[in-house]
Amino acid sequence: MKNEEQARLKKLLQQALPPVEDSGRGRDLWPDLLRTMDQRSTRIFWLDWALAALLAGWMVLYPEGILRLLFHL
Amino acid sequence: MDLLERFARGDLDAFEAVFRQFQDDVRGWILRIVRNKSDAEDLTLEAFWRIYKARARFDPARPFGAWARRIATNVALHHLKTQKVAAELLDNTSIPNSEDPALRTEIAIGIQRAISELPPRLKIVAILALIEERPYSEIAESLGISEGGVKTRVFRAVRRLRKRLVELGIEP
C-alpha cells in the first residue's frame, strides 16, 4: 500500500467523517456515576443471595457435600 | 498516603477527585471512537464503574491516565461490537467534495458503511489512526498492543476499506 494512496484514502475518510469537535469540558457526570454505582451495587447484592440460595439447595440435595465443603474451607 | 493510593484502597473521596481530574479526558477519548456525545457520556460512566471495581488491581506507582484510557478503550470496543447500524456515525456527517449534492451524500453514506462493516478491532484503529490521526504509540497503549500491531491493523483496515469502497463504486 503506497503512502500516497493511504493519504488519499485518509482524506476521503476525514471528509466523510471529520474529527470530532471536543471542547474538552462536558457536564459533570459525578452524580450520574454515583447513581450508577448504587444501582449496580444493589444488583450484585441480589446476585449474592441467588448464589447463596443455590448453595443451600445443593447442600439439601447432597448433604455429604457439606463435609467436603467444610474440609476445603 | 497520596491520592492514587487512597483510591486504590477504596477511598470514595479520592475516587471522586480522580474522576473529576480525568473524566473529560476519558470522555473525549471515547467520543473520538464512538463519535456520538450521548453514547460517549454513557460509556464514560461504564468505564469509571469498571475503573472503580478494578481499583485494587491498580498500581499507584503507574500513571492513572494510561490505565483509565485502556479500560475506556475496552468499553468503547465493546460498544462498537454491539453497534448494529452506521446510523450513529451520521451525527458527524460531512459531505465529501463533489459538485452533485446527491452524489456527495451517496459517497458519504458509502464511506460510512464501509467503516461500519469493518471488524471492531480494525474499526477502532481506522477511526483513531486515519480519522482522528492519533499517534500510533497512543493507540498501541490504549489497546494493549505493540506499535507494530497497530500498523498491521491499520494496513488491514485500509486494504479492506479500499476493497469495499471499490465494490460500492467509490474510487478511493
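The values are calculated or read from the model by the stated rules, or taken from the named source; none is laboratory data. The structure displayed is predicted, hence computed values, not measured ones. Don't worry about glycine lacking a Cβ; one is built from the backbone with ideal geometry, like all the others, and counts go over all protein chains shown. Ligands, DNA and RNA are excluded from the accessible area calculation, which covers all protein heavy atoms including side chains. Shrake-Rupley method; radii C 1.70, N 1.55, O 1.52, S 1.80 Å.
Computed from phi, the 3J(HN,Hα) profile of segment B:114-131 under the Karplus parametrisation 6.51, -1.76, 1.60 (θ = phi - 60°) reads 4, 5, 5, 7, 5, x, x, 5, 8, 4, 5, 6, 4, 5, 6, 8, 8, 8 Hz, with x in place of Gly and Pro. For chain B, the longest principal axis of the alpha carbon atoms and the long axis of helix B:37-53 meet at an angle near 30°. By the helix-only formula, in which each DSSP H run with n ≥ 4 contributes -39500 (n - 2.57) and the sum is divided by residues, chain A has a 222 nm mean residue ellipticity of -25500 deg cm²/dmol. On C-alpha positions alone, give me the angle between the axis of helix B:147-167 and the longest principal axis of chain B, in degrees, nearest 10. So the inclination is approximately 30 degrees.
Note on B:LYS151 and B:THR82: with the Förster distance fixed at 30 Å, the Cβ-Cβ geometry gives a FRET efficiency of about 0.65. Projected label points at A:LEU67 and B:THR105, each 7 Å from Cα along the beta carbon direction, are separated by 7.8 nanometres. On the basis of the beta-carbon distance and an R0 of 51 Å, B:ASP2 and B:LEU168 show a calculated FRET efficiency of 0.40. Helical runs assigned H by DSSP (4 residues or longer) give chain B a calculated mean residue ellipticity at 222 nm of -22000 deg cm²/dmol, each run adding -39500 (n - 2.57) before division by the residue total. For the Cα trace of chain B, dividing Rg by the Kirkwood Rh returns an Rg/Rh value of 1.05. When chain B is treated as a Gaussian network with alpha carbon springs shorter than 10 Å, the biggest mean-square fluctuation among B:GLU117, B:GLU138, B:GLU16 belongs to B:GLU16. Expressed per residue, the C-alpha convex hull volume of chain A stands at 284 Å³. Simple spin-label estimate for A:ARG8 and A:VAL60 gives 7.3 nm between the two label positions (7 Å along the Cα-to-Cβ direction from each Cα).
Put a dot 7 Å past the Cα of B:ARG20, heading toward its Cβ, do the same for B:GLU133, and the two dots end up 3.5 nm apart. Peptide A:4-12 has a mean of 5 when you count, residue by residue, the C-beta atoms of other protein chains within 10 Å of its C-beta. Peptide B:130-139 has a mean shielding of 3, counted as Cβ atoms of other protein chains within 10 Å of each residue's Cβ. Scanning chain A for trypsin sites (Lys or Arg not before Pro) in DSSP loops with at most 14 neighbouring Cβ atoms within 10 Å leaves A:28-73 as the longest stretch between them.
Shown in residue order for segment B:60-77 are the 3J(HN,Hα) couplings computed by the Karplus curve 6.51 cos²θ - 1.76 cosθ + 1.60 at θ = phi - 60°: x, 6, 9, x, 5, x, 5, 5, 5, 5, 5, 5, 4, 5, 5, 5, 5, 5 Hz (x for Gly and Pro). The long axis of helix B:12-34 is offset from the longest Cα principal axis of chain B by roughly 10 degrees.
Please report, in debye to the nearest 20, how large the charge dipole of chain B is about its Cα centre when each Lys and Arg carries +1 at its beta carbon and each Asp and Glu carries -1 there. That gives a dipole near 780 debye. Accessible-area rank, largest first, for A:MET37, A:MET59: A:MET59, A:MET37, with all protein chains present and a 1.4 angstrom probe.
Volume of the convex hull of the protein assembly as shown (Cα atoms only), normalised per residue: 186 Å³. Extension gain, B:ARG50 to B:ALA66, is 4.3 nm, computed as 0.36 nm per intervening residue step minus the present C-alpha separation. Dipole size of the protein assembly as shown about its Cα centre, with +1 on Lys/Arg Cβ and -1 on Asp/Glu Cβ: approximately 840 debye, rounded to the nearest 20.
Take every Cα-Cα distance within segment B:35-85, group them into 5 Å bins from 0 onward, and report for each bin the whole-number percent of pairs it holds. Using 5 Å bins, I get a P(r) of 4, 19, 29, 22, 12, 8, 4, 1, 0 for segment B:35-85.
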